[in-house]
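Novice: First the structure, which I've put down as structure tokens, then a few questions once you've had a look.
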Amino acid sequence: MSETLKPIGDNLVVTDEKPENSSSVLDVIDSRPSNQATVLAVGEGRVLKNGKRAPMIVKPGDRVLLGRYAGFRYELADTTVRLLSINDVQAIL
């Protein structure tokens, strides 16, 4: 059975990007999560007071900058993903 996550509201699912110039020594010393990620899935947007949905400003495939410890981690098949709010995204790269 294949697992999939479909975020709701203004939430999104991202996967962390590994630093390009990493070495095994640095990986051990700096085991903090990356602050760059790729968007895998987005929700429909939050519901506004008038009943309409606010459009999401990111789409699957976008690279984003976010807080290192934003959201929470979830093991999905053979990879770890993060579920977070659009408010945790600081910039689109």
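The values are calculated or read from the model by the stated rules, or taken from the named source; none is laboratory data. Predicted model, so just to flag it, every value in this text is computed and none were measured. Cβ atoms come from the backbone with ideal geometry, glycine included; neighbour counts cover every protein chain shown.
Novice: Would you point out which residue out of Gly45, Gly61 is surrounded by fewer than 11 Cβ atoms within 10 Å (Cβ to Cβ) and in a loop (DSSP other than H, G, I, E, B)?
Specialist: Gly61
Novice: Here's something else I'd like to know. Restricting to region 56-70, give me the number of residues that are at pLDDT 95 or above and of a type outside the set (A, V, I, L, M).
Specialist: Going through region 56-70 one residue at a time, the tally reaches 5.
Novice: Give region 64-79 a look and list any residue that's in contact (Cβ under 8 Å) with a residue 40 or more places away in the chain, part of a loop (DSSP other than H, G, I, E, B) and exposed (fewer than 11 other Cβ atoms within 10 Å of the Cβ), or say none.
Specialist: Result: Ala77, single match.
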